[in-house]
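In what follows, a structure is listed as structure tokens, so that the remarks can point back to it.
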Amino acid sequence: MIRELNAQFGIEGELDFVEDESGLAVAKIDNAQGSATLCLQGAHLMSWQPRSQKTPVVWLSRDAKLAVGKSIRGGAPVCWPWFGAHATESAFPGHGFARTVPWRVIESGKGIDGETRLALRLVASDKTREQWPHACNLDLVITIGETLRMELITENTGSDDFVIGEALHTYFQIGDISEVSVSGLEGCEYWDKVGGSSLRKQNGEIRFSGETDRVYINTVSECVIRDEKLMRSIHVAKSGSLSTVVWTPWIDKANKMGDMGQPDGWREMLCVESANALENQVKVASGTRHTLIVEYRAVSL
Ligand code: BG6
């Protein structure tokens, strides 16, 4: 399989497929603008570092493990076709099944400025159809360069409309959670998931001093993570997304999770997720497609 992938989609000196010790295939991208790794299971981008940065911009837990059928802690998990718990079936996996099933590469190529482009499609199976009995294609198109662009395309190929929840659940690398701020969501309403679920309004920029798990709704804004310790800001721009999820587990929850990177991996990550969740779920009419796009860039302070 690896030999075939390299023969069909590999790009000499730029894109190479290797097999991880778990047996899963991983794409390694290294071009003039940046580097990244991506696990084909889940179309899970695991790391990204533009050339201009001394440290990665996308965080991967040092305890992250690749295993068949399991999600990877860190990177940019694809949450689809629902976000969070399934509305009615408690046995269905949180954040949907897209992040734990095989995807296949459908295209690779070089951009005119030295970026690398990779497109993947979710492989539907009896198991996925049991949880999602709709005819559709789900593609992820990633462009890796000095900026990182991801397009998550849902195409309804069936005769019935359907509704999806989704997110690009990206973990960003930060210096210290207590020294960063997030701007762009001032004045927005959010569902606060810590200690129940209540609707609140954001006053000013966000700063962190405890577990934070919020779904900001009805927002198309670009968010900026300002990081005084790493002396950079990370810009999170998006389209086709009306929700932004901001999540940090903090110490107690991180310790219970067991894969956040002991002792203090949780301090060095922050999720700013471009999503369509809760009241922002999207109806995809028969014969149409919906696209969620994110673009990330890091700027030195
Ligand atoms: C966030 C949710 O998007 O993902 C949190 O808002 C959740 O509630 C977190 O804990 C991590 O989820 P998981 O399934 O990857 O552990």
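What follows is calculated from the coordinates using simple rules that are stated; it is not laboratory data. Since this is a predicted model, take the numbers as computed values, not measurements. Backbone-built Cβ (ideal geometry, glycine too); neighbour counts: all protein chains shown.
Summary table
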{"read-out": "Which listed residue is of a type outside the set (A, V, I, L, M, F, W, C), within 16 Å of the ligand (Cβ to nearest atom) and touching a helix residue (DSSP H, G or I) at 6+ places or on another chain (Cβ under 6 Å), from GLY96, GLY42", "value": "GLY42"}
{"read-out": "The lone exception for LYS253 - which of (1) farther than 24 Å from ILE234 by Cα; (2) of a type outside the set (Ser, Thr, Tyr); (3) surrounded by 20 or more Cβ atoms within 10 Å (Cβ to Cβ) it fails", "value": "(3)"}
{"read-out": "Total residues in the stretch 95-114, condition part of a loop (DSSP other than H, G, I, E, B) and either surrounded by 13 or more Cβ atoms within 10 Å (Cβ to Cβ) or in contact (Cβ under 8 Å) with a residue 60 or more places away in the chain (or both)", "value": "7"}
{"read-out": "Qualifying residue in the stretch 116-123 (condition: within 13 Å of the ligand (Cβ to nearest atom) and among the basic types (Lys, Arg))", "value": "no"}
{"read-out": "Selected residue [within 15 Å of the ligand (Cβ to nearest atom) and part of a loop (DSSP other than H, G, I, E, B)] from ALA87, ALA64", "value": "ALA64"}
{"read-out": "Complete set of residues in the stretch 39-74 that are free of Cβ contacts under 8 Å to residues at least 60 places away in the same chain, out of contact with any His (no Cβ under 8 Å at 6 or more places or on another chain) and under 18 Å from LEU168 (Cα atoms)", "value": "CYS39, HIS44, MET46, SER47, GLN49, LYS70"}
{"read-out": "Candidates ARG121, ARG104, ARG117, ARG99, filtered to the one that is under 24 Å from VAL272 (Cβ atoms) and in contact with a Lys or Arg (Cβ under 9 Å, 6 or more places away or on another chain)", "value": "ARG117"}
{"read-out": "Breaking point among (1) crowded, with 19+ Cβ neighbours inside 10 Å; (2) without any contact (Cβ under 8 Å) to a residue 60 or more places away in the chain, for ALA124", "value": "(1)"}
{"read-out": "Selected residue [more than 21 Å from the chain's Cα centre (by Cα), farther than 25 Å from SER243 by Cα and not in a loop (DSSP other than H, G, I, E, B)] from ARG129, ARG117", "value": "ARG129"}
{"read-out": "Qualifying residue in the stretch 274-287 (condition: within 16 Å of the ligand (Cβ to nearest atom) and either among the acidic types (Asp, Glu) or surrounded by fewer than 18 Cβ atoms within 10 Å (Cβ to Cβ) (or both))", "value": "yes"}
{"read-out": "Per-region count, the stretch 201-224, residues within 16 Å of the ligand (Cβ to nearest atom), in contact (Cβ under 8 Å) with a residue 40 or more places away in the chain and not acidic (Asp, Glu)", "value": "6"}
{"read-out": "Test: residue in the stretch 24-39 that is out of contact with any Leu (no Cβ under 6 Å at 6 or more places or on another chain), outside any strand (DSSP E or B) and closer than 15 Å to TRP103 by Cα", "value": "no"}
